[in-house]
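Okay, structure first, notes after.
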Amino acid sequence: MIYRAMKNNFYISLVYIEMNCEIKVTIEHKMRRFALIRINDLLGITGVGTIAEGIEFSNGSVIVHWLKEPKSIVVWNNMNDMKTINCHNGTSIVHYID
């Protein structure tokens, strides 16, 4: 028997296998959009405000589209890697749209 529910963009699945009396819970999220907002531009390159837009996919991969010159698109393995390089110790935040 499988029960599935969605809460805060996350799918929560509960699988109950009667023969083994085993309960398996998995949590997966769907694709969601975000904006990268720079609060303080330490290097004087991107400026402040919304500097990039992106998508975090259900498998955790992230694509960032930079809005300032030189415009580019970057692919990351996960959100933590992207934040480590681009959030500059709290000078930028990720604001989820979805």
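Laboratory data are not the source of any read-out in this text; all were calculated from the coordinates shown. As the structure is a computational prediction, the values presented were derived from the model and not from experiment. So basically every Cβ, Gly included, is an ideal-geometry build from the backbone, and we count neighbours across all protein chains shown.
Numerical summary
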{"item": "Residue that is surrounded by the fewest Cβ atoms within 10 Å (Cβ to Cβ) [pool: residues in the stretch 49-82 that are farther than 14 Å from PHE34 by Cα and of a type in the set (Asp, Glu)]", "result": "GLU69"}
{"item": "Any hit, the stretch 69-81, residues being among the basic types (Lys, Arg) and free of Cβ contacts under 8 Å to residues at least 12 places away in the same chain", "result": "yes"}
